[in-house]
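Q: Structure provided below as structure tokens; questions to follow.
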């Protein structure tokens, strides 16, 4: 047999207890944010038919970035690379009888075939929130507020992140009315705009000159130089969702987080209206923490009537990088608090088992060391794990040590004094 | 393009909000049970190299039951069908520097290529708990208590389930010393014993006669007729873990849940000591809710020194069937409680957005209906969702309706009275 490797599969993570506690913290705040906005949880299969992604996602994703294979029943299936197609499939089943707005969230694990690099792994977990059937721009506004409040719940503020926003209506106007380009050129231009901030000006010029003549190149560059909402509303002078949204947030907390950015287009996605990405203001983290936008017809592929929606996906890898960079990640080095039970001599083993079970019946978390150890060693272990209480089991009696208050109680059976002591800790 | 199907991939589930709330409840109780025993969370990749499963799992699993394929880098990978190989791989990385006992739990989503049927799907989530490096039988005892306490936390008791238990030492003794059979026959016999309770006596006789002569068949049938601990300890008269364990639980709550069963062998798994399965006492649910046991050398495949362990896996599909059968599943039809915000006329939209944001800043879950609706309709929606509070937005003022106590407060800005009312609900 080959020698087995101990490392995880490329681009995937082993989550050891500290890592998993961190991830559980990320998830719990996501659930809190969803609850603030009354979004309901859903989940779907890890595998979907490849046809679903073909219908729904950009070409690039299907061709290069998907884990797909044939199952034993000759179905072409793929591990979910994103949640939106599953969401569309599920919403298509129930939207007729579900009152609107329909608000759902999920935190699935996803796989994309990527070259692993900072902020991008093959496997990640993604917080997805979507609202369907909300009146014009109110869904968008809600989703943007949700993202903002989520990051605020982690302790972040406007010094840490921005929400860069655009409207596909502008891009459509630019492509169709001003540049008058074909679909094929549009496709290339989407990719160029998407990369415009990541490459040098020279490189950008070169890329543009490969698809547009000089006159059109100037129009595109003028577009790309738009810096704020006033600029873009002047440049296009058309009505669109972003304009309406901007009017609604004049007095809102959201305004200071939002920044107009012409390079946000999410061109290969299925968005049709407002599009946005959340970015860390710190230069170490250059990948979007979150991307989203609104779509007019996510259910069309199922021959269902158009149901407008807006949503976003936010991955746990970039989120964690963001929180760590700004020192916003709490310390999860230590396990959760538990009562440490120890005994010195084999003959006290049964006693230790008995009190462990009794305390668990009362709802306390208990770590029974199981092997006989010296008292010093017991203190060491409990302190290393930052536990608040230690119980030493000796013949016919127990000693409860309150490690935070350096006090102790001797007892034979669990009594009021013991419970007060264990409880007191919680009331501080 | 083919017409897209709305149904999930075969053997997988779409979890709509009610289903996902139910699953989250199952998970939260699992986490509570793990916390009672100070088990720490971990997680691993959705994909592993096929070699890992080849080394670790039974032949059947690798050949027929695994989703495997070649990735773009020509690696043979598989979607995890179980968590133990990943656990072994991860423990192999850290066991040298991790104090024992090492106690870990996880709730991964897994895929097995199965014919979907009652209690068995292709995708399920599985609660895995394992303890490594505990003194003899104390790890087993702890894991059994954890399973028992988990099911008790769901409201189940000894009238609902049994833990059927055996020891591989008995099976070894039977196969090697009493039947003196080859490995090949052993392999077949494991499967026969595993099925012995699921087939008719005639079928069983036939299966046995195909692999054993009459004399040996009688010995096997005597073994299969063992009904309780006394029987089996008499029959074999050898020392083994199960005997030691049985002595330790004489006065414990666990005793009334445990039942000796000679057909529990988990032959195709990697267990070497005690083996057990949890069964529903109700005849509707014939599949094990949970299976586990102890193993002497899970790390051997990584050339690591032997580290004894004990663990179990408990799937969400059979667990849910069990809880529903015994009416132990709480009702998750309704969403979590939130404050319902509504307005009647378009001009009050901004007011509704403002109070929604203010209440969220205070930590309240808020559902803003976003469209103008009549007051009657607002009451209907809030009542249907079993919300406790409704706020109606009218020009320059708000009306808070306490739906459980049929009282109301009019206000212009959120004040003490409003907060007391919203809060009062929690103190009941």
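The values are calculated or read from the model by the stated rules, or taken from the named source; none is laboratory data. In this text the structure is predicted, and so the values were computed from the model without any measurement. In this analysis, Cβ positions are derived from the backbone assuming ideal geometry, glycine residues included, and neighbour counts consider all displayed protein chains.
Q: What are the residues in the range B:217-230 that are assigned to a helix (DSSP H, G or I), under 14 Å from residue B:174 (Cα atoms) and touching a helix residue (DSSP H, G or I) at 6+ places or on another chain (Cβ under 8 Å), if any?
A: As a first pass, look at the range B:217-230 and keep what is assigned to a helix (DSSP H, G or I): B:217-224, B:229-230.
Adding the requirement that they be under 14 Å from residue B:174 (Cα atoms) leaves B:217-224.
Scanning the range B:217-230 gives B:217, B:219, B:220, B:221, B:222, B:223, B:224.
Q: Going by the conditions given, is residue A:258 in contact with a strand residue (DSSP E or B) (Cβ under 8 Å, 6 or more places away or on another chain), modelled with pLDDT of 95 or more and within 14 Å of chain B (Cβ to nearest Cβ)?
A: On the way: in contact with a strand residue (DSSP E or B) (Cβ under 8 Å, 6 or more places away or on another chain): yes; modelled with pLDDT of 95 or more: yes; within 14 Å of chain B (Cβ to nearest Cβ): no.
Answer is no for this residue.
Q: When you scan the range A:19-31, how many residues do you find that are touching a residue at least 40 places away in the same chain (Cβ under 8 Å) and more than 9 Å from chain B (Cβ to nearest Cβ)?
A: 6
Q: Now for a separate question. Among the numbered criteria (1) facing another protein chain (nearest Cβ under 8 Å); (2) under 30 Å from residue A:134 (Cβ atoms); (3) assigned to a loop (DSSP other than H, G, I, E, B); (4) free of Cβ contacts under 8 Å to residues at least 60 places away in the same chain, which single criterion is violated by residue A:97?
A: (1)
Q: Does residue A:340 satisfy the criteria of being under 30 Å from residue A:393 (Cα atoms), in a loop (DSSP other than H, G, I, E, B) and in contact (Cβ under 8 Å) with a residue 12 or more places away in the chain? Give the steps one after another, and end with the answer.
A: On the way: under 30 Å from residue A:393 (Cα atoms): yes; in a loop (DSSP other than H, G, I, E, B): no; in contact (Cβ under 8 Å) with a residue 12 or more places away in the chain: yes.
Considered against the rule, which asks whether it is under 30 Å from residue A:393 (Cα atoms), in a loop (DSSP other than H, G, I, E, B) and in contact (Cβ under 8 Å) with a residue 12 or more places away in the chain, residue A:340 comes out as no.
Q: Oh, and also: Among the residues of the range B:313-323, is any touching a strand residue (DSSP E or B) at 6+ places or on another chain (Cβ under 6 Å), away from chain A (no Cβ under 14 Å) and not in a strand (DSSP E or B)?
A: Of the residues in the range B:313-323, the ones touching a strand residue (DSSP E or B) at 6+ places or on another chain (Cβ under 6 Å) are B:313-317, B:322.
With the extra rule that they be away from chain A (no Cβ under 14 Å), the set shrinks to B:313-315, B:322.
Cutting the leftovers down to not in a strand (DSSP E or B) gives us B:322.
The answer is yes, given that some residue of the range B:313-323 is touching a strand residue (DSSP E or B) at 6+ places or on another chain (Cβ under 6 Å), away from chain A (no Cβ under 14 Å) and not in a strand (DSSP E or B).
Q: Being in a helix (DSSP H, G or I) and surrounded by fewer than 17 Cβ atoms within 10 Å (Cβ to Cβ) narrows it down to one residue among B:251, B:210; which is it? Steps first, answer last, please.
A: Details: B:251 fails: in a helix (DSSP H, G or I).
B:210 is the lone residue from the list that is in a helix (DSSP H, G or I) and surrounded by fewer than 17 Cβ atoms within 10 Å (Cβ to Cβ).
Conditions tested, residue by residue: (1) within 13 Å of chain B (Cβ to nearest Cβ); (2) assigned to a helix (DSSP H, G or I); (3) under 20 Å from residue A:29 (Cβ atoms).
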| position | (1), (2), (3) |
| --- | --- |
| A:110 | yes, no, yes |
| A:128 | yes, no, yes |
| A:156 | no, no, yes |
| A:166 | no, no, no |
| A:172 | no, yes, no |
| A:175 | no, yes, no |
| A:178 | no, yes, no |
| A:181 | no, no, no |
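Q: Specify the residue that is nearest to residue B:361 (Cα to Cα); the eligible residues are those in the range B:414-428 that are modelled with pLDDT of 95 or more and assigned to a loop (DSSP other than H, G, I, E, B).
A: Ranking the candidates gives B:414 first.
Q: So which residues in the range A:1-12 are crowded, with 17+ Cβ neighbours inside 10 Å and either more than 7 Å from chain B (Cβ to nearest Cβ) or part of a strand (DSSP E or B) (or both)?
A: Answer for the range A:1-12, where residues must be crowded, with 17+ Cβ neighbours inside 10 Å and either more than 7 Å from chain B (Cβ to nearest Cβ) or part of a strand (DSSP E or B) (or both): A:10, A:11.
Q: Scan A:108, A:135 and give me the residue that is more than 17 Å from the chain's Cα centre (by Cα) and in the same structural domain as residue A:52 (by TED's automatic domain parsing).
A: Numbers: A:108 fails: more than 17 Å from the chain's Cα centre (by Cα).
The match here is A:135.
Q: Take the residues in the range B:370-388 that are in contact with a helix residue (DSSP H, G or I) (Cβ under 7 Å, 6 or more places away or on another chain) and closer than 25 Å to residue A:140 by Cα; name whichever of them is nearest to the other protein chains (Cβ to nearest Cβ). Walk me through how you get there before you give the answer.
A: Looking only at the range B:370-388, we keep the residues that are in contact with a helix residue (DSSP H, G or I) (Cβ under 7 Å, 6 or more places away or on another chain), and these are B:370, B:372, B:388.
Next, from what is left, pick out any that are closer than 25 Å to residue A:140 by Cα: B:370, B:372.
Details: B:370: 5, B:372: 9 Å.
Taking the candidates together, the pick is B:370.
Q: Would you tally the residues in the range B:178-207 being loosely packed, with under 15 Cβ neighbours inside 10 Å, free of Cβ contacts under 8 Å to residues at least 60 places away in the same chain and either within 21 Å of residue B:269 (Cα to Cα) or touching a helix residue (DSSP H, G or I) at 6+ places or on another chain (Cβ under 9 Å) (or both)?
A: The total comes to 8.
Q: Here's something else I'd like to know. Is the range A:33-40 home to any residue that is touching a strand residue (DSSP E or B) at 6+ places or on another chain (Cβ under 8 Å), part of a strand (DSSP E or B) and in the same structural domain as residue A:301 (by TED's automatic domain parsing)?
A: yes
Q: Pick from the range A:72-90 the residues that are more than 7 Å from every other protein chain (Cβ to nearest Cβ) and more than 29 Å from residue A:312 (Cβ to Cβ): which of them is surrounded by the fewest Cβ atoms within 10 Å (Cβ to Cβ)?
A: Checking each candidate, the answer is A:74.
Q: Can you name the residue in the range A:32-59 that is more than 7 Å from chain B (Cβ to nearest Cβ) and free of Cβ contacts under 8 Å to residues at least 40 places away in the same chain and is also nearest to the chain's Cα centre (by Cα) among such residues?
A: The residue in question is A:53.
Q: OK, next. What number of residues in the range A:81-97 are in contact with a helix residue (DSSP H, G or I) (Cβ under 8 Å, 6 or more places away or on another chain) and more than 18 Å from residue A:9 (Cβ to Cβ)?
A: Going through the range A:81-97, the residues in contact with a helix residue (DSSP H, G or I) (Cβ under 8 Å, 6 or more places away or on another chain) turn out to be A:81-82, A:84-86, A:88-89, A:92.
Among the residues that remain, those that are also more than 18 Å from residue A:9 (Cβ to Cβ) are: A:82, A:84-86, A:88-89, A:92.
Total meeting the criteria: 7.
Q: In the range A:226-242, which residues are more than 21 Å from residue A:280 (Cα to Cα) and either more than 28 Å from the chain's Cα centre (by Cα) or within 14 Å of another protein chain (Cβ to nearest Cβ) (or both)? Working first, answer last.
A: Step one: list which residues in the range A:226-242 are more than 21 Å from residue A:280 (Cα to Cα), which gives A:230-242.
Within the range A:226-242, A:230, A:231, A:232, A:233, A:234, A:235, A:236, A:237, A:238, A:239, A:240 qualify.
Q: Identify all residues within the range B:277-291 that are in a strand (DSSP E or B) and either more than 19 Å from residue B:256 (Cβ to Cβ) or out of contact with any helix residue (DSSP H, G or I) (no Cβ under 7 Å at 6 or more places or on another chain) (or both); write none if there are none. Don't jump to the end; show me each part of the working.
A: First, the residues of the range B:277-291 that are in a strand (DSSP E or B): B:277-280, B:290-291.
B:277, B:279, B:291 - these are the residues of the range B:277-291 that are in a strand (DSSP E or B) and either more than 19 Å from residue B:256 (Cβ to Cβ) or out of contact with any helix residue (DSSP H, G or I) (no Cβ under 7 Å at 6 or more places or on another chain) (or both).
Q: Is it the case that the range A:402-421 has a residue that's within 34 Å of the chain's Cα centre (by Cα) and surrounded by 13 or more Cβ atoms within 10 Å (Cβ to Cβ)?
A: Checked the range A:402-421: no residue is within 34 Å of the chain's Cα centre (by Cα) and surrounded by 13 or more Cβ atoms within 10 Å (Cβ to Cβ).
Q: Assess whether residue A:356 counts as being assigned to a loop (DSSP other than H, G, I, E, B) and either free of Cβ contacts under 8 Å to residues at least 12 places away in the same chain or buried (at least 18 other Cβ atoms within 10 Å of the Cβ) (or both). Outline the logic, then answer.
A: Details: assigned to a loop (DSSP other than H, G, I, E, B): no; either free of Cβ contacts under 8 Å to residues at least 12 places away in the same chain or buried (at least 18 other Cβ atoms within 10 Å of the Cβ) (or both): yes.
So residue A:356 fails the test.
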